[in-house]
Amino acid sequence: QRAVFYPLQTFSKDAELDFSEIPICIEVTEKENLQFMKDLAEALGCTAHKISTEQRQTLHLAAVFINNFTNQLYRIAHEISDAKSINFDILKPLIMETARKVQDMSPYMAQTGPAKRNDKKTIKRHLKQLENEDHKAIYELLTASIKKTHNYR
């Protein structure tokens, strides 16, 4: 018998989480285990979602984009702002508003910025400002992806 109890959330030492806001993904090989797993999720105050192995793996992939890659972009932004003695806290309301917007609209509709507008002048200036080649490559890749999504080449 095998069952997976997968809380779709990031966990950090000493971070307090409200378990009622954490979706629990449940994967079972035997149907008779499903209710037990749902009851366990409910006991924690969580909402349970029955998923397949493939769906769980896909959710994990999507979560890496949403959480891990986004956090790396925060780290890069922190490094860029730090290099010019700009307090990273100034950017935190933008982080919060960006996350809030996708609660009300699709990520496609929430997209803003120079790549979405195809603002070549701003993109060129940003690339000139970037001294780190890895940061420049990330900027170029994400800009190209946004432009392609919004039908600019």
*Could you count how many residues in region 12-36 are of a type in the set (A, V, I, L, M), more than 12 Å from ALA48 (Cα to Cα) and in contact with a strand residue (DSSP E or B) (Cβ under 6 Å, 6 or more places away or on another chain)?*
1
*With respect to PRO23, determine if the residue is surrounded by 10 or more Cβ atoms within 10 Å (Cβ to Cβ), closer than 19 Å to PHE5 by Cβ and under 19 Å from the mean Cα position of the chain (by Cα).*
yes
*asked:* With the requirement that a residue be within 19 Å of THR47 (Cβ to Cβ) and of a type in the set (A, V, I, L, M, F, W, C), what does region 8-25 give you?
replied: LEU8, PHE11, LEU17, PHE19, ILE22, ILE24, CYS25
*Give me a count of the residues in region 114-129 that are in contact (Cβ under 8 Å) with a residue 12 or more places away in the chain and surrounded by 14 or more Cβ atoms within 10 Å (Cβ to Cβ).*
6
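Conditions (1) at pLDDT 90 or above; (2) small (Gly, Ala, Ser); (3) outside any helix (DSSP H, G or I); (4) surrounded by fewer than 13 Cβ atoms within 10 Å (Cβ to Cβ), marked per residue:
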site	(1), (2), (3), (4)
GLU16	no, no, yes, yes
ALA41	yes, yes, no, no
GLY45	yes, yes, yes, yes
ALA62	yes, yes, no, yes
ILE66	yes, no, no, no
ASN71	yes, no, no, yes
SER81	yes, yes, no, no
*Looking at region 94-104, which of its residues are loosely packed, with under 10 Cβ neighbours inside 10 Å and either among the basic types (Lys, Arg) or over 19 Å from GLN9 (Cβ atoms) (or both)?*
ASP104
*asked:* Looking at region 106-125 only, could you name the residues that are farther than 20 Å from TYR139 by Cα and either in a helix (DSSP H, G or I) or over 15 Å from the mean Cα position of the chain (by Cα) (or both)?
replied: MET109
*For GLU32, indicate whether it is over 26 Å from ASN71 (Cβ atoms), modelled with pLDDT under 90 and not in a loop (DSSP other than H, G, I, E, B).*
yes
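The values are calculated or read from the model by the stated rules, or taken from the named source; none is laboratory data. Please read all numbers here as calculations on a predicted model, not as lab measurements. Using ideal geometry, Cβ is built from the backbone for each residue, glycine included, and neighbour counts are taken over all protein chains shown.
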